[in-house]
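Below you'll find the structure, written out as structure tokens, and then a few comments.
Taken together, the values in this text are just the output of simple stated rules run on the coordinates, not laboratory data. Bear in mind the structure is a predicted one, so any value in this text is a computation, not a measurement. Every residue, glycine as well, gets a Cβ built from its backbone with ideal geometry; the counts of neighbours run over all protein chains shown.
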Number of protein chains: 2
Amino acid sequence: MTLMKSWVQSANSAKTPFPLNNLPYGVFTTNALEPRCGVAIGDMIFDMAAAEEAGLIELAEDPVFDVPYWNDVMELGPEAWDALRARLVQLLADGAAEQATVAPLLVPMADARMEMPIVVAEFTDFYAGRHHATNVGTMFRGAENALPPNWLHIPIGYNGRASTVIVSGTDIIRPNGQTKAPDADMPVFGPCKRLDIELEIGAIVGTASEMGHPVSVAQADEMIFGYVLLNDWSARDIQAWEYQPLGPFQAKAFATSISPWIVTRAALEPFRTSTPARELDLLPHLEEPGPMLYDIDLSVTLRPEGGEAVTICETNYSEMYYSAPQQLAHHASSGCAMTPGDLLGSGTISGAEPHQRGSLLELSWGGKEPIDTGGGQTRSFIEDGDTLTLHGAAKGDGYLIGFGTCAGTIKPAVKFP
Amino acid sequence: MTLMKSWVQSANSAKTPFPLNNLPYGVFTTNALEPRCGVAIGDMIFDMAAAEEAGLIELAEDPVFDVPYWNDVMELGPEAWDALRARLVQLLADGAAEQATVAPLLVPMADARMEMPIVVAEFTDFYAGRHHATNVGTMFRGAENALPPNWLHIPIGYNGRASTVIVSGTDIIRPNGQTKAPDADMPVFGPCKRLDIELEIGAIVGTASEMGHPVSVAQADEMIFGYVLLNDWSARDIQAWEYQPLGPFQAKAFATSISPWIVTRAALEPFRTSTPARELDLLPHLEEPGPMLYDIDLSVTLRPEGGEAVTICETNYSEMYYSAPQQLAHHASSGCAMTPGDLLGSGTISGAEPHQRGSLLELSWGGKEPIDTGGGQTRSFIEDGDTLTLHGAAKGDGYLIGFGTCAGTIKPAVKFP
């Protein structure tokens with residue numbers, strides 16, 4: 001596939017993340033407009049509420065775009081998703097008959113503020129990157145016991161907290177928590193000292209599954225509405241003390257950031273790629289009927305307060321051992337009902353090389369090898385004032401399928417109690 | 001406190017779970033009525049939607065009771081909760097001036113079907129009963145390592161799944177899942193073979209906390225709207241294989257049952273009691289300013305298909321090492337935003353004696369000591385057709401504060417794939 005031409009000129013650049021091939025979904029507001037659904041095209045946002053009101057797009061009897069979330073569209077199901085995309089291409093393609101009607105409904109991105117694109121029903125985070133699991137396991141349990149015995153058989157996941165999933169650009173208040181130094185007699189309560197990121201891709205579940213009824217990997221793929229960048233902020237010192245025996249809890253509950261734009265499965269279709277070779281065969285219910293990962297280049301920048309952003313990680317989504325449809329099939333395998341708006345974090349995406357590691361825990365090897373962040377500064381973990389930004393794009397022949405960015409700046413912990 | 005007299009005669013029995021002292025909140029429907037909020041009084045349900053429409057109760061400008069959940073009432077906050085209770089006592093007390101107006105708005109419980117009383121925002125389950133944690137730890141790690149090092153310092157919890165919280169009476173489909181026998185080379189996928197209950201009390205969060213901002217234990221107590229019985233159905237074989245390193249996931253995700261009636265903090269006030277003596281001092285942010293557990297008698301019955309119900313466990317909520325306000329304060333300690341409708345499971349409530357154990361895992365000691373369930377039958381874990389029922393009531397001077405029951409019958413697993 002090559003670049004699809006749009007009458008929106010800024011969408012025809014090889015460098016825009018938002019060509020006609022992409023058409024990602026977000027929620028935006030301006031000084032004049034209430035929060036509403038919008039579609040990115042070049043450096044503009046197509047106001048979907050206005051388009052619906054003007055009769056340019058009609059997905060359902062009642063309006064679905066004049067609300068600050070895409071959940072209503074999700075609930076219409078995959079046929080409606082396909083119809084929407086086809087109509088958007090028709091309206092925005094070079095030579096479109098409706099250009100004069102649509103043009104006034106485009107809002108410059110520079111005038112818009114992005115909000116959360118969905119109401120997150122529930123958030124689940126996985127641990128499905130082999131390099132990450134191996135790195136962390138090696139640090140915590142030694143190289144010989146790095147991967148838990150179940151790891152090659154199940155995409156290990158845990159339920160996270162939906163109430164603190166926030167959109168890119170929202171500040172992150174450093175969490176307080178209980179920690180205990182290995183040589184201390186008693187734990188202490190106070191600000192996290194080992195604050196970290198996890199570079200992930202989030203899959204958004206768009207259709208429901210019935211309680212009591214598993215779904216296949218192929219069905220799971222069809223259930224996914226789209227993908228976002230996701231930063232699973234992590235408090236490593238809180239995590240180390242709390243996570244046995246029932247898993248991470250407050251170490252992850254304080255914040256999870258996502259990119260404002262949901263990139264659809266349709267836009268990513270040309271970039272499908274397979275999970276790596278299986279070291280052990282999977283059980284049939286987790287086998288993939290085809291390629292279900294995507295070739296998406298990812299990177300992370302760190303900008304100290306008042307400083308310059310430096311790239312600290314470059315990797316690719318195709319490094320995952322398990323795909324989102326596999327994770328979703330596992331999630332529903334017990335009969336767990338899945339809901340439109342469920343958000344599944346891929347797990348940290350690390351590659352084999354040191355600069356491909358998707359967390360500071362790995363990049364600084366547990367703080368033993370601080371990384372150079374320019375200007376004479378180093379980092380083992382995140383300091384107050386730092387801005388961490390995830391970047392992601394699939395790279396086509398003369399075009400990008402971009403996610404925008406997923407950024408957060410760290411503010412000092414609140415005093416408590 | 002003694003029995004408060006009502007003009008509803010069935011509410012004046014020493015045996016009713018629902019005297020005027022109680023007034024628990026539920027959602028009901030009948031053949032004639034859409035689902036709506038109701039209050040239990042004796043063997044009747046006070047139709048709150050009808051009462052609001054008749055102008056007998058006015059909590060807010062817009063109606064809050066003509067919906068199938070109590071979340072709107074929760075969001076009005078503790079002053080409104082107090083006002084509601086005071087008004088209900090006024091309307092239902094012996095000699096009430098409004099008796100003739102209220103009487104036609106009472107629906108016989110026998111004619112009603114109970115539904116979920118709230119929209120569960122998120123579900124969190126704790127592990128805060130010392131006897132349970134010690135029993136399970138002893139079975140899995142030996143008596144010397146029974147309690148994890150953090151256990152006496154934090155109420156250990158993990159995020160559960162809200163989409164599968166269901167009301168008492170809903171059938172439970174036996175979950176499928178991946179398991180691996182200790183001596184097997186490979187895991188298998190199929191129906192759970194070690195299906196279990198967990199006898200718990202659920203606390204319902206009624207007011208929000210702000211992201212980034214912890215709450216004190218005293219504030220947490222004020223945030224709690226009420227309590228329910230809760231059965232955290234558990235697939236022990238799935239759990240054993242999946243839970244390292246990130247905690248229980250599919251072993252718990254398939255179903256959690258709650259009682260239909262929410263018993264308010266106000267109704268339980270006379271039954272406040274303290275957590276057991278601390279073996280180690282807690283850090284200040286988790287210290288309780290007063291008694292925050294309740295003296296609530298609890299029991300579990302098992303009824304095989306076509307058989308008689310036998311009591312398999314008798315215990316008390318006061319056995320918990322951590323109270324719900326302590327759990328909630330810990331939950332918010334990282335700055336995790338809490339939401340009206342959040343449900344916090346206490347963790348399994350076991351006492352010191354064998355018959356006080358709140359799970360079959362403990363009662364049958366991991367299947368090594370099957371329990372007698374009458375009629376020549378024994379159980380190590382739950383079989384298809386079994387009905388498990390939780391019962392609970394605080395016992396006052398001549399009156400009960402009952403929760404009703406929390407029951408579920410097991411149906412066979414679905415065939416998959």
* Structure fact -> at B:Ala143 the sorted inter-copy label distances (label 7 Å from Cα on Cβ side), in nanometres, are 4.1
* Specify the inter-centroid distance of segment A:95-173 and segment B:300-360, based on alpha-carbon positions, in whole Å. => 33
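I'd like the FRET efficiency for B:Phe140 and B:Ala80, computed as 1/(1 + (r/R0)^6) with the beta carbon distance as r and R0 of 56 Å, rounded to 0.05.
Numbers: r = 46 Å, r/R0 = 0.81.
Between B:Phe140 and B:Ala80 the formula returns 0.75.
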* Asked: If you put +1 on each Lys and Arg Cβ and -1 on each Asp and Glu Cβ, how big is the dipole of segment A:252-372 around its Cα centre, in Debye rounded to 20?
  -> 340
* For A:Gly95, go 7 angstrom from Cα along the Cα-to-Cβ vector, then report the distances to that same point in the other copies in nm, smallest first. => 8.9
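Work out how much length A:Glu383 to A:Ala181 would gain on full extension: take 0.36 nm times their residue separation and subtract the Cα-Cα distance, in nm to one decimal. Present the calculation step by step, with values, prior to reporting the outcome.
Numbers: separation 202, 0.36 × 202 = 72.72 nm, distance 1.96 nm.
Separation in residues times 0.36 nm, less the Cα-Cα distance, equals 70.8 nm.
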* **Nearest-first distances (nm) between copies at A:Gly398, label 7 Å from Cα via Cβ** => 9.1
* Non-local amide H neighbours of A:Leu56 (under 5 Å, H modeled in plane, Pro and chain starts lacking H): which ones? -> none
* segment A:159-317 pair-distance distribution - Cα-Cα, 5 Å bins, rounded % -> 2, 7, 12, 16, 16, 17, 14, 9, 6, 3, 0, 0
* B:Asp397 versus A:Arg113, label points 7 Å from Cα toward the beta carbon: distance in nm? -> 5.8
* To do: Determine the distance separating the Cα centre of segment A:6-61 from the Cα centre of segment B:371-387; give it in Å without decimals.
  => 60
* Report the local net charge at A:Ala277: Lys and Arg +1, Asp and Glu -1, summed over other residues whose C-beta lies under 15 Å from its C-beta. => -3
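Around B:Ala393, with a cut-off of 14 angstrom between Cβ atoms, what is the net charge of the other residues, counting Lys and Arg +1 and Asp and Glu -1?
Once all neighbours under 14 Å are counted, the net charge is -2.
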* **Length-normalised contact order for segment B:123-411 - Cα pairs under 8 Å, 6+ apart - percent** => 27
* Net +/- balance of residues flanking B:Glu305 in space, Cβ distance below 15 Å, scoring K and R +1, D and E -1 -> -1
* Structure fact -> Karplus-derived 3J(HN,Hα) from phi for segment B:117-125 (6.51 cos²θ - 1.76 cosθ + 1.60, θ = phi - 60°), whole Hz, x at Gly and Pro, runs x, 9, 7, 6, 6, 9, 10, 10, 10
* Find, among the residues of chain B, the one whose Cβ sits nearest the axis of the rotation taking B to A; state the distance in whole Å. => B:Gly247, 1
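Take the alpha-carbon positions of the protein assembly as shown, form their convex hull, and give its projected area averaged over all directions (one quarter of the hull surface) in nm². Intermediate values should be presented prior to the final figure.
Details: hull surface 142.6 nm².
With every direction weighted equally, the projected area is 35.7 nm².
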* Once every Cα of segment B:287-417 carries one equal point scatterer and solvent is ignored, give the base-10 log of I(q)/I(0) from the Debye formula at q = 0.16, 0.17 Å⁻¹, two decimals. => -0.96, -1.03
* To do: Determine the alpha carbon to alpha carbon distance for each of A:Lys252/B:Lys395; B:Lys180/B:Lys411; A:Lys180/B:Lys395; A:Lys193/B:Lys180 and list only those over 30 Å.
  => A:Lys252/B:Lys395; A:Lys180/B:Lys395; A:Lys193/B:Lys180
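When every alpha-carbon pair in segment B:9-115 is counted, what percent end up more than 19 Å apart?
Values: 2210 of 5671 pairs.
Of the Cα pairs, 39 percent sit more than 19 Å apart.
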* Asked: At what distance in nm do the modelled label points of B:Glu61 and B:Glu210 sit from each other, each positioned 7 Å from its Cα along Cα→Cβ?
  -> 2.4
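Based on the alpha carbons, how large is the Rg to Rh ratio for segment A:123-411 when Rh follows Kirkwood? Don't skip to the answer; put the middle values down first.
Working: Rg = 18.3 Å, Rh = 19.2 Å.
Taking Rh as the inverse mean 1/r over Cα pairs, Rg/Rh reads 0.95.
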